[in-house]
Amino acid sequence: MAYQNDPMKCLTGEVRLSFVNVITPRAAQQGGEPKYSVTLLIPKTDAATKADIDASMQAAAQDAVSKVWNGALPPNLRVPIYDGDSVRPSGEPFGEECKGHWVITASTKIKPQVVGSDNINAELAPSDIYSGMYGRVTIRFFGYSYSGNKGIGCGLGNIMKTRDGEPLAGNASAASDFAAVGNAAAQPQAAQPFQWGAPAAQPAYPQAVAQPAYPQAYPQAVAVAQPAYPQQVSINPLTGMPL
């Protein structure tokens, strides 16, 4: 069913979002043009959304026959939707989260708006947007011919988040990491009360260093014997004889 009178556009039912890249554009390969993108996991039980997607792709193919493919429908037309229970075009199996879903990737050069179902007039904060959340998405299909490849591409419109889901980024949330701890905070240890009269521990000072042994007191001065001089003799001046 055409959405907003555009047969190539549709609004999905609730889908799960994977590989969410709607904050900063990235190039799919080195040297490529940066784009915003998201992979939609559409439950196979949602037959209405699958029917709308098929109808929109058919309308895009009819439009491209005259505008892109020179009047002829390509025999090997590539389509952007895959069976999540099968394998990727590379031959590798899809991730476990894709089981039971149709898988389709949508991209755009223009930054999409991401709003919440409770307020479609305000965009969500980047922290509220992640791989694993659920939402409804507008997408539009178009025909392309590039480097010999012809097919149907899927353009990304806007996203309305409907509810949270288990993150698919591979990193655990803080809530799950600390679930066993809760909000209990470590309590500081109470300080020991001060007791009057209790001697404070003194810092250990280094032991006295042994002083070097100095020589004992110097020896007493020794009296040096003086040479014996002859005693002075008195002379009688008259006789010249000793008195």
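Taking the numbered list (1) touching a strand residue (DSSP E or B) at 6+ places or on another chain (Cβ under 8 Å); (2) over 19 Å from Thr39 (Cβ atoms); (3) modelled with pLDDT of 95 or more in turn, Asn149 passes all entries but (3).
Being in contact with a strand residue (DSSP E or B) (Cβ under 6 Å, 6 or more places away or on another chain), surrounded by fewer than 19 Cβ atoms within 10 Å (Cβ to Cβ) and either under 24 Å from Ala59 (Cβ atoms) or not hydrophobic (A, V, I, L, M, F, W, C) (or both) is a description that applies to Arg136.
Looking at the stretch 161-171, is at least one residue closer than 28 Å to Asn5 by Cβ and modelled with pLDDT of 95 or more? Yes. Taking the criterion of being farther than 19 Å from Phe142 by Cα and of a type in the set (A, V, I, L, M, F, W, C), the residues of the stretch 1-27 that qualify are Val15, Leu17, Phe19, Val20, Val22, Ile23, Ala27. Restricting Ala55, Ala47, Ala61 to residues that are over 36 Å from the mean Cα position of the chain (by Cα), exposed (fewer than 13 other Cβ atoms within 10 Å of the Cβ) and at pLDDT 95 or above narrows the list to Ala47.
The selection criterion, being in a loop (DSSP other than H, G, I, E, B), crowded, with 16+ Cβ neighbours inside 10 Å and in contact with a strand residue (DSSP E or B) (Cβ under 7 Å, 6 or more places away or on another chain), does not hold for Leu156. Pairing each residue of the stretch 112-130 that is hydrophobic (A, V, I, L, M, F, W, C) and at pLDDT 95 or above with any residue that is exposed (fewer than 10 other Cβ atoms within 10 Å of the Cβ) and not in a loop (DSSP other than H, G, I, E, B), provided the two are 6+ apart or on different chains, yields no C-beta distance under 7 Å.
Counting residues in the stretch 79-89 that are at pLDDT 95 or above, farther than 15 Å from Phe142 by Cα and among the hydroxyl-bearing types (Ser, Thr, Tyr) gives one or more. Of all residue pairs spaced 6 or more apart or on separate chains, those with beta-carbon atoms under 7 Å, a first member in the stretch 16-43 that is within 21 Å of Leu124 (Cα to Cα) and touching a residue at least 24 places away in the same chain (Cβ under 8 Å) and a second member that is of a type in the set (A, V, I, L, M, F, W, C) and part of a loop (DSSP other than H, G, I, E, B) are Leu17/Met133; Ser18/Leu168; Val20/Ile129; Val22/Ile129; Ile23/Ile129.
Among the residues that make up the stretch 128-141, is at least one of them part of a strand (DSSP E or B) and of a type in the set (Asp, Glu)? No: zero hits. Scanning the stretch 78-111 for residues that are closer than 18 Å to Gly151 by Cβ, under 29 Å from the mean Cα position of the chain (by Cα) and touching a residue at least 40 places away in the same chain (Cβ under 8 Å) yields a count of 6.
The values are calculated or read from the model by the stated rules, or taken from the named source; none is laboratory data. Remember, it's a predicted structure, so these values are computed and weren't measured experimentally. For neighbour counting, all protein chains shown are included, and Cβ atoms are generated from backbone atoms with ideal geometry for every residue, glycine included.
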